[in-house]
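Structure first, commentary second.
The values are calculated or read from the model by the stated rules, or taken from the named source; none is laboratory data. Bear in mind the structure is a predicted one, so any value in this text is a computation, not a measurement. Please note: Cβ atoms are built from the backbone with ideal geometry, for glycine as well, and neighbour counts cover all protein chains shown. Each accessible area value is taken on the protein alone, full model and side chains, heavy atoms only, with ligands, DNA and RNA left out. Shrake-Rupley method; radii C 1.70, N 1.55, O 1.52, S 1.80 Å.
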Amino acid sequence: MHETRSLDELGSIAGQIAARGTQAVVLAGGDGAHMAGLTAFARAFDGVPPPTALVPGGTVCTIARNFGMRGSKRAWAQRLVRAACADTARVERRPTLRTHDDGGNDCVGFIFGAGLVGRFFEAYYASGAHGLGGAARLAARVFAGSLVSSPLARTLLAPISCTVSLDGQPLGHQTWSLVLASTVRDVGLHIRATYRAGEEDGRFHVVASGLSPRALGMQVPRVLLGRPMRGDPCVDSLARSLRVDFDGTEAYVLDGEMRWARYVHVEPGPVIKLLLPPQA
C-alpha cells in the first residue's frame, strides 16, 4: 500500500510499480484522485494502465456511481478490495478521455466540461465543497434561479466566447453556455446529458449548448431523464476529437478537477480494464 500526498509522489510510485510489474492496481480516493492515478499509471505503463479498481473515497464519487456503486462508500470499497485481493473481481473494458491543454496538462479521465461546468465547480469549491448534498443544493439554486433570472444563475449559465471544433471542423457559433464530453452517461447528480456515452468504440458523446440562462435551465428535466437537449444552437453528437479555443483563459473541469487554459483538446483515451465486485 502506498499513500501519496502529491502528483510527484504519485508519478514516482507508478514508475516503481511499472518497473517491478503488477497484475492490478487499486486506486483509492475521489474522482479527481482516480483521474490523477489513471493518468500517472498510463504514463508509467506506456499509455495503458494495468487492470484497475477505483475505490471511492471522495465527497461525490460520480465515476464510481457510473460503475455501479450503490449504498455506502465503505461497503462498496470493502467488496471491491476483497474481490481484487481474492482474484474474484469482474473485469469490464471501459473507454476514457485524454485531454491536453496549452499549459501542458495531459490527463486521462472520463468527464470533460467547460462553460457552465467550470463556473459551477468554481462556485461549489468557493462554498466549501460540501459533498453530494452541497452540490445538489447549489444545482437546485441555479435551476430555480434560472427561472427568475437570479444573479447566481446569470453568472453560472452565461455563455462564454469560444470556438468549438468537432473532428477538426469548427462549429459556426461563437458563444457557448455548456460544453460536455464524456465516456460515462451520468455526469453528476443524475444528470444524464451524455446519454449516448459508451455507444461506440473510439468515440465519445459531445453535448454543447449556446442557449440563454433561462432556456438552458429549462433543459434540466430533460437531461435528468437522459433525453437530448432542445433549442438552437445545440450540438449532440458522437466524436473522435473535440477542441475548445477560448477567447481568453477560462476554467474547465476533468472529473471534478479544475484547470485553466486558453485551449483544450479532447480525444479518446486508453480503454482500461476496470475491476468490479462480483455481481450479487
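Which residue is least open to solvent (accessible area, probe 1.4 Å), if the candidates are limited to segment 94-123 and must be among the acidic types (Asp, Glu) and closer than 20 Å to Thr163 by Cα?
Across segment 94-123, the extreme among qualifying residues is Asp101.
Looking at segment 45-76, which of the residues that are farther than 18 Å from Pro278 by Cα and of a type in the set (S, T, N, Q) is surrounded by the most Cβ atoms within 10 Å (Cβ to Cβ)?
Looking at residues that are farther than 18 Å from Pro278 by Cα and of a type in the set (S, T, N, Q), I get Thr62.
Inside segment 213-248, can you point out the residues that are free of Cβ contacts under 8 Å to residues at least 40 places away in the same chain and open to solvent by 60 Å² or more (accessible area, probe 1.4 Å)?
The answer is Pro221, Leu224, Leu225, Arg227, Arg230, Asp232.
Identify, from the list Ala197, Ala251, Ala208, the residue that is in a strand (DSSP E or B), modelled with pLDDT of 95 or more and surrounded by 21 or more Cβ atoms within 10 Å (Cβ to Cβ).
Of Ala197, Ala251, Ala208, the one residue that is in a strand (DSSP E or B), modelled with pLDDT of 95 or more and surrounded by 21 or more Cβ atoms within 10 Å (Cβ to Cβ) is Ala208.
Quick one: which residue in Gly57, Gly109, Gly133 is under 19 Å from the mean Cα position of the chain (by Cα) and without any contact (Cβ under 8 Å) to a residue 24 or more places away in the chain?
Being under 19 Å from the mean Cα position of the chain (by Cα) and without any contact (Cβ under 8 Å) to a residue 24 or more places away in the chain holds for just one of Gly57, Gly109, Gly133, which is Gly133.
Mind checking whether some residue in segment 166-183 is closer than 20 Å to Ile111 by Cβ, open to solvent by 40 Å² or more (accessible area, probe 1.4 Å) and among the charged types (D, E, K, R)?
yes
Given the conditions (1) of a type in the set (D, E, K, R); (2) more than 25 Å from Ile191 (Cβ to Cβ); (3) in contact with a Gly (Cβ under 8 Å, 6 or more places away or on another chain), report the number of the one that Arg98 does not fulfil.
Result: Arg98 passes all but (2).
Has segment 185-193 got any residue that is of a type in the set (Lys, Arg) and more than 19 Å from the chain's Cα centre (by Cα)?
Taking every residue of segment 185-193 in turn, none turns out to be of a type in the set (Lys, Arg) and more than 19 Å from the chain's Cα centre (by Cα).
Identify the residue in segment 145-165 that is part of a loop (DSSP other than H, G, I, E, B) and farther than 12 Å from Ser209 by Cα and, among all such residues, is least open to solvent (accessible area, probe 1.4 Å).
Out of the qualifying residues, it is Ser150.
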